[in-house]
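The block underneath contains the structure these notes are about, expressed in structure tokens.
The values are calculated or read from the model by the stated rules, or taken from the named source; none is laboratory data. Predicted model only: the values in this text are computed from it and were never measured. When we count neighbours, we look across all protein chains shown, and the Cβ atoms used for this are built from the backbone with ideal geometry, even at glycine. Just the protein is used for accessible areas: all its heavy atoms, side chains included, with ligands, DNA and RNA removed. Shrake-Rupley method; radii C 1.70, N 1.55, O 1.52, S 1.80 Å.
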Amino acid sequence: MKNFKGKIAFITGGASGAGLGQAKVFAKAGMKVVITDIRQDALDSAVGEIVKYSGCGADDVMPLCFDLTDRKAYTEAADSVEKKFGGPPHLLIQTAGVNSFGPVEASTFDDFDWVMGVCLDHVVNGHIIFIPRMIKAYANKEEFHVALTSSMGAFMGGSGCAPYTAAKAAANNLIYSYAEALVGYGGGATVICPGNINSNIGDAEKYRPKHLSNTGYHVSEGTMKHLRAVHATGIDPVELAEILKEAIENGRIIALPFPDPSGWPPMLRSMNANIEEYLLTADERKKNMEERMKNMPPPPAGGGGGGMWDVPEGAERFGMARKDLDFVDTNKKPQ
Ligand code: NAI
């Protein structure tokens, strides 16, 4: 997709962080932007920010407040966009996401249902609701595209954020599937996989739904403070959105933005080697694992190692298990 002017973008999680950056960039490119979020207050302030950044009219931004895991609400949102802007989006960017850190063995059903619900189910919902409408309206007539904000976590199982990495891996594969499927209709698909974004995701636990509140992880104001400090070192959302825009314009299926080129590429290479490793002996595999650990940024759970993982004054290390889980290794619980 090369021409954005006058077209419609639908951006989930568009009131904050990566999604807000995308709304600013695509509004500046001349698109009408629909931003959806679960937080009305964030939507209210986002509209003004988008108008100010892009110079678009307030009427070119449509804020919609609903829970993306609610299929009925998502379908109604799609109907309201067609009503206001005269058609379905030409560009669907599914960016909303949440994360929760803790040892995988401490995870509860609620931990999986919440994180996979937002990071994977919402992506499925958006595709099922919008792609037939997009094909009907635009196939081989007008450019259209679906995009996903995934994560570097898609490429690695992480023992400290298992529901998230499982959801992102699955969501990546969905994009590869749609990329193949949409070619025949003149559409495209792109997934962007950032490592760390300067966003508000560290506060996600604050709006975790009540019915999914039984977590096995240790969560406190202090752990959120630590997470905020980590994410403050991430890529700027507008910069990230420009990278996504370039990828869409050039028909790339995947974009891998690296704020720190020394960190992620070696890690990614070593994870990719997993497939080759299948053919190795146990000794060779052990040696590879030791090599991989050397390249890995220090893990959040029980880790240390300085730099962005340092626990700021008044904060608590995130990624630990709930204290009362007696089967979990004591190193993985707050002391
Ligand atoms: P953010 O918290 O600033 O923005 C995410 C938005 O999604 C929030 O405004 C939140 O209210 C909304 N949201 C959450 N659950 C929702 C639901 N059920 N229905 C509707 N809206 C909902 O976080 P950020 O970091 O900008 O996240 C955007 C995407 O980037 C996510 O998919 C995340 O997994 C991904 N990502 C983030 C990284 C980071 O370091 N922050 C790194 C790699 C990927």
Given the structure, is Ala162 within 19 Å of Gly234 (Cα to Cα) and touching a residue at least 12 places away in the same chain (Cβ under 8 Å)?
no
Any idea which residue in region 274-306 is farthest from Ala147 (Cα to Cα), counting only those that are among the hydrophobic types (A, V, I, L, M, F, W, C) and at pLDDT below 70?
Ala301
Among Asp44, Asp59, Asp70, which is near the ligand (Cβ under 10 Å from one of its atoms), over 18 Å from Leu91 (Cβ atoms) and open to solvent by 60 Å² or more (accessible area, probe 1.4 Å)?
Asp70
In region 5-32, which residue that is assigned to a strand (DSSP E or B) and under 19 Å from the mean Cα position of the chain (by Cα) is farthest from Gly117 (Cα to Cα)?
Ala9
Considering only residues of region 132-160 that are assigned to a helix (DSSP H, G or I) and within 20 Å of the chain's Cα centre (by Cα), which is farthest from the ligand (Cβ to nearest atom)?
Phe155
If Tyr185 satisfies every condition in (1) in contact (Cβ under 8 Å) with a residue 60 or more places away in the chain; (2) more than 15 Å from the ligand (Cβ to nearest atom); (3) surrounded by fewer than 19 Cβ atoms within 10 Å (Cβ to Cβ) but one, which is the exception?
(1)
Filter region 221-272 down to the residues that are over 28 Å from Val183 (Cα atoms), in a loop (DSSP other than H, G, I, E, B) and touching a strand residue (DSSP E or B) at 6+ places or on another chain (Cβ under 6 Å) and list them by number.
Gly234, Pro259
When you scan region 210-221, do you find a residue that is of a type outside the set (A, V, I, L, M, F, W, C) and either over 30 Å from Lys323 (Cα atoms) or under 20 Å from the mean Cα position of the chain (by Cα) (or both), even just one?
no
For region 141-159, give me the residue count where each residue is in contact with a strand residue (DSSP E or B) (Cβ under 9 Å, 6 or more places away or on another chain) and surrounded by fewer than 24 Cβ atoms within 10 Å (Cβ to Cβ).
2
Candidate set from region 190-206 (those that are part of a helix (DSSP H, G or I) and more than 6 Å from the ligand (Cβ to nearest atom)); member that is most open to solvent (accessible area, probe 1.4 Å):
Lys206
Just to be sure, is Leu68 of a type in the set (A, V, I, L, M) and in a loop (DSSP other than H, G, I, E, B)?
yes
For region 1-31, which residues satisfy the criterion of being free of Cβ contacts under 8 Å to residues at least 40 places away in the same chain and in contact with an Asp or Glu (Cβ under 6 Å, 6 or more places away or on another chain)?
none
Residue in region 247-258 that is closer than 26 Å to Arg317 by Cα and away from the ligand (no atom under 15 Å from the Cβ) present:
no
